[in-house]
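> My structure is below; once you've seen it, I'll send some questions.
What follows is calculated from the coordinates using simple rules that are stated; it is not laboratory data. Nothing here was measured: the structure is a model prediction, and the numbers come from that model. Positions of Cβ are backbone-derived with ideal geometry, glycine not excepted, and every protein chain shown enters the neighbour counts.
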Amino acid sequence: MPVQIGQKQESDFSNPLGLLSDCHRRIESFLSVLLKLGDRANRDPLQPEEHSALDAALSYFRNSAPKHTADEEVSLFPRLRTSGEAATVLDCLTRLEGDHKTAERDHQTVDELGNRWLNRGTLDPPDARSMRDALARLAELYAKHIAIEDQELFPAAGRILAASDLAAVGQEMAERRGLKK
């Protein structure tokens, strides 16, 4: 992604909550690509640039998004649960984990149909409708899910968790990606 003057610089592993929020922007961006392409499914065959965009978006959700989910469910959420103030966020965590499971099902549908589209160049009308339906559900889910995390959960985590816990979350996130912090 090219750097633009005035553009917010992305966070790094020393700011794991900022990095998780930055990842939400990527989720929104790749989901937007899928929604735009899904609107034209089962019409004309994919153009080369559309093929590349579809492949990149599917790859992101297949390879990178699960790391984001693990960052939350394996690294962040357990620390929030064991903090002294976990009761204030426990219901929120349970709902967000449910969202992750729901999103996973729709992502499986989108990935399967998207790969079929990449391989064939077109989708038949029932498959195109199924893909659009799954993408619409994902768009609705992510709009709410991301707002809760960015506006409520991450700020609460920043207040609740000790600096050492946040550093450990960042370290685990880096390790999950094969990097050293």
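> Take the alpha carbon atoms of segment 124-143, find their center, do the same for segment 93-119, and report the distance between the two centers in whole angstrom.
10
> Where in segment 10-58 are there trypsin sites (Lys or Arg not before Pro) that are in a DSSP coil and have at most 16 other Cβ atoms within 10 angstrom of their Cβ?
40, 43
> Could you run the Karplus curve 6.51 cos²θ - 1.76 cosθ + 1.60 with θ = phi - 60° over segment 24-40 and give me ³J(HN,Hα) per residue in whole Hz, x for Gly and Pro?
Whole-Hz 3J(HN,Hα) from phi for segment 24-40: 4, 5, 5, 4, 4, 5, 5, 5, 4, 4, 5, 4, 5, 5, x, 5, 10.
> Between (1) -0.70, -0.95, -1.08, -1.54; (2) -0.79, -1.00, -1.12, -1.47; (3) -0.81, -0.99, -1.07, -1.31, which matches log10 I(q)/I(0) by the Debye sum over Cα atoms at q = 0.14, 0.16, 0.17, 0.20 Å⁻¹ calculated for the structure shown?
(3)
> Further question on the same structure: Using Cβ counts within 10 Å as a stand-in for footprinting exposure, how do 148, 160 rank, fewest first?
148, 160
> Any idea what the dipole of the chain comes to, in debye rounded to 20, about its Cα centre with Lys/Arg Cβ at +1 and Asp/Glu Cβ at -1?
Charge dipole, the chain, about its Cα centre: 180 debye, nearest 20.
> Helix-only estimate, please: 222 nm mean residue ellipticity of the chain, summing -39500 (n - 2.57) across DSSP H runs of length 4 or more and dividing by its residues, to the nearest 500.
The helix-only estimate for the chain comes to -22500 deg cm²/dmol at 222 nm.
> Next up: What length, rounded to one decimal in nm, is gained on full extension from residue 148 through to residue 94, with 0.36 nm per residue of separation minus their alpha-carbon distance?
Full-extension gain reported as 18.2 nm.
> While we're looking at this one, here's another question. Quick one: helix 163-176 against the long Cα principal axis of the chain, what's the angle to the nearest 10°, folded into 0 to 90?
The two axes meet at around 30 degrees.
> Using alpha carbons only, how many degrees (0 to 90, rounded to 10) separate the axis of helix 125-148 from the longest principal axis of the chain?
Rounded to the nearest ten degrees, it is 20.
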